[in-house]
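The values are calculated or read from the model by the stated rules, or taken from the named source; none is laboratory data. In this text, all values refer to a predicted model and were calculated from it rather than measured experimentally. Positions of Cβ are backbone-derived with ideal geometry, glycine not excepted, and every protein chain shown enters the neighbour counts.
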Amino acid sequence: MLRSLASSTARPLARLSPSCSCSCAPSPSSSSSSSSSPSPSSSRLFSTQGLPKPASKYTLAKGLELKGTVVTTGKMQQTCTVSVERRMTDHKTLKEYSQHTKYLVHDPQLTCVVGDQVKIRNCRPVSARKRFEFVEVVKGARERVQSNLGAGAVPHEARPEAGAGAQA
């Protein structure tokens, strides 16, 4: 029974009609015309018109962009670690919880400071674990904001403590 079923489902190639308009049987006229000139659809695939210039040599055309917080800097050359938070909902209890993923990010200008809110983009592999590149600082860390205040900022050591002022 299996042998008869297998033979009935398999169709020999001789049964296909050459006048069929689908791509199951190539016609002799279409094969000679496709070899003489490239099809217009294939030339569009390799066109780079309309795409913005990549930010670095590692940038992909359609990279995934994420926002996260810088956790560590200065331990590896041109690298910082960014923690990205994802909000999830439990399907049974419908409670929201967060999951964190740490990514190694390529930062060639060493602009990231611990605590910065940054935007990172997926790129081609820079090293064994680095798959993201730094795009921009969304919100600076407190240290960066205080250092940019300049001479008007009061150092932490010079500030009067709340307990000492209340006793005097």
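A single entry from Met88, Met76 fulfils the requirement of being out of contact with any Asp or Glu (no Cβ under 9 Å at 6 or more places or on another chain), of a type outside the set (Asp, Glu) and modelled with pLDDT of 80 or more: Met76.
Flag set for Arg142, criterion: surrounded by fewer than 18 Cβ atoms within 10 Å (Cβ to Cβ), more than 18 Å from the chain's Cα centre (by Cα) and over 27 Å from Met88 (Cβ atoms). State yes or no: is Val118 surrounded by 13 or more Cβ atoms within 10 Å (Cβ to Cβ), within 16 Å of the chain's Cα centre (by Cα) and not in a strand (DSSP E or B)? The answer is no for Val118. The numbered conditions (1) modelled with pLDDT of 95 or more; (2) not aromatic (Phe, Trp, Tyr); (3) not in a strand (DSSP E or B) are all true for Gly163 except (1).
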